[in-house]
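Only the coordinates and a few stated rules stand behind these numbers; no lab work does. Here the structure is a predicted model, which is why all the values come from computation and not from measurement. When we count neighbours, we look across all protein chains shown, and the Cβ atoms used for this are built from the backbone with ideal geometry, even at glycine.
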Ligand SMILES: Nc1ncnc2c1ncn2[C@@H]1O[C@H](COP(=O)(O)OP(=O)(O)OP(=O)(O)O)[C@@H](O)[C@H]1O
Ligand SMILES: N[C@@H](CCO)C(=O)O
C-alpha cells in the first residue's frame, strides 16, 4: 500500500494524496500464535508479536466476521518512514484490513465485490485512525477528498452513522510531490494535542476558501498552488513541535514553492511544478531526506498467493 500525505495545507482531516512509496505485507493464517517478520522501517522498533498494528487489525477483522484462525504469520517489508507525516499508521491499518478481507474471501467466509471491500476498508480504517484523510488515498489512490456521513447532512432523513466517503480527483500532470523527511519523529497524537478547540471565524473562512481553491489548483491550474496552500488551522499551532519544519516551509515558500506540513508532520510536502522539483533538495539542505515521489494512481493492492 502507498504512503500518503494528508491535509495538503487547508484540507485538514479531509484532503490526501497517495504517494508511490509502498510497504508490502504478506499475511497467512497458520499455526498457533502470532509470528511477525519486519524488514526495513520499524524493524526492531515496532512490536513483533500480537501487539503489532497490522496483526491487531487482521485479528479484529477476522474475528468480526466470525472467523477464528489459530495463528497468524506476517512478513512486512516497510519503506514508509514511521511518525513522519507520511501516513505509515494508516497504511499499516489499510494493509491489515485488505489482507483480512482477502483471507476471508479465500476461505469462503465472505463474498463481496471490490466496491464493497473498498467501502468497508475505508470505513474501518477511518474508525482505527479517527480521521479519513490518510485512509482514503491509501485505499483508492490519487488526490482524495474524504468525509464522514452525518445525520445533519440530511435533516429529517435517517442517516448512515459511520459511513465514510471519498472522491478521487485527477492531479494536473505538471504537479510533482516532493517530500522532505527529517530524522526526527512526531507522533500524530502529540501533534493533535497542540490544536486549539476553537478557531476564529476569519481563520476558518480563509482556510475554507483556500481549500476550494486548492482543488482547482491541483487539478487544473498549478500556478495557483502557492496561494491555495495557505491555511490557518493547524501548521502555525503545531510549529513549536517541529521548528525545523517551520523554518524549511518558510524557506521553500519564500522561493515560491507550495510547501506544506505533510500530515501531522514533521515532513514537508512540496507540490512543485515539474521544472522546479529538483530545486527542493538544495533549498532543504543537510538533515533532510528529499524524495521526489510519483503520485500513486491506485491505492492498496491485495491478491491471494497460492
Ligand atoms: N508498518 C507498520 N507496522 C507496525 N506499526 C506501524 C507501522 N506503521 C506505523 N506503525 C505504528 O504507528 C506509529 C506512527 O503513527 P503516527 O500516526 O504517529 O504517524 P504516521 O502515520 O507515520 O504519520 P501521519 O499520520 O502524520 O501521516 C508508529 O510509531 C508505529 O507504532
Ligand atoms: N489530519 C491529520 C493527519 C495525520 O494523521 C492530522 O493532521 O492530525
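List of remarks:
- Value of relative contact order over segment 61-150, rounded to a whole percent, pairs C-alpha under 8 Å and six or more apart: 26
- Considering only alpha-carbon pairs that sit under 8 angstrom and 6 or more positions apart, the relative contact order computed for the chain is 25 percent.
- FRET efficiency for the residue 219 to residue 60 pair, using the beta carbon distance and R₀ = 41 Å, is estimated at 0.65.
- Separation of the residue 253 and residue 28 label points, Cα + 7 Å toward Cβ, nm: 5.0
- Take the Cα radius of gyration of segment 175-293 and divide it by 2.2 N^0.38 Å, N being the number of residues; the result is 1.04.
- Between 0 and 90°, nearest 10: helix 114-129 axis offset from the chain longest Cα axis: 70
- Residue with peak Gaussian network fluctuation, the chain [Cα springs, cutoff 10 Å], from 92, 31, 208: 31
- Projected onto its three principal axes, the C-alpha set of segment 233-306 covers 51, 31, 24 Å, listed from the longest axis down.
- Relative to the current alpha-carbon distance between residue 244 and residue 51, full extension at 0.36 nm per residue lengthens the span by 66.2 nm.
- Packing, as the average of other Cβ atoms within 10 Å across residues, places the peptides 285-295, 98-108 in the order 98-108, 285-295, highest first.
- Acute angle (nearest 10 degrees) that the helix 243-254 long axis makes with the longest principal axis of the chain, alpha-carbon atoms: 50
- Shape of segment 168-231, Cα gyration tensor, a/c cut at 1.5: oblate
- Degrees, to the nearest 10: 53-64 long Cα axis against longest axis of the chain: 50
- Between segment 276-306 and segment 64-142, the alpha-carbon centres lie 21 Å apart.
- Only DSSP H runs of four or more residues enter the estimate; each adds -39500 (n - 2.57), and after division by the residues of the chain the mean residue ellipticity at 222 nm equals -10000 deg cm²/dmol.
- Computed extension gain for residue 305 through residue 274, at 0.36 nm per residue and net of the alpha carbon distance, reaches 7.4 nm.
- Distance-filtered residues of segment 227-255 - backbone nitrogen under 13 Å, label point 7 angstrom along residue 203 Cα→Cβ: 231-240
- Order by protection proxy (mean Cβ within 10 Å, highest first), peptides 43-49, 256-262, 242-248: 256-262, 242-248, 43-49
- In terms of overall dimensions, the C-alpha atoms belonging to the chain reach 57, 54, 36 Å along their principal axes, ordered largest to smallest.
- Residue among 198, 117, 126 with the largest mean-square fluctuation in a Gaussian network model of the chain, springs linking Cα atoms under 10 Å: 198
- Using C-alpha pairs under 8 Å with a sequence gap of at least 6, the mean separation divided by the residue count of segment 175-293 gives a relative contact order of 44 percent.
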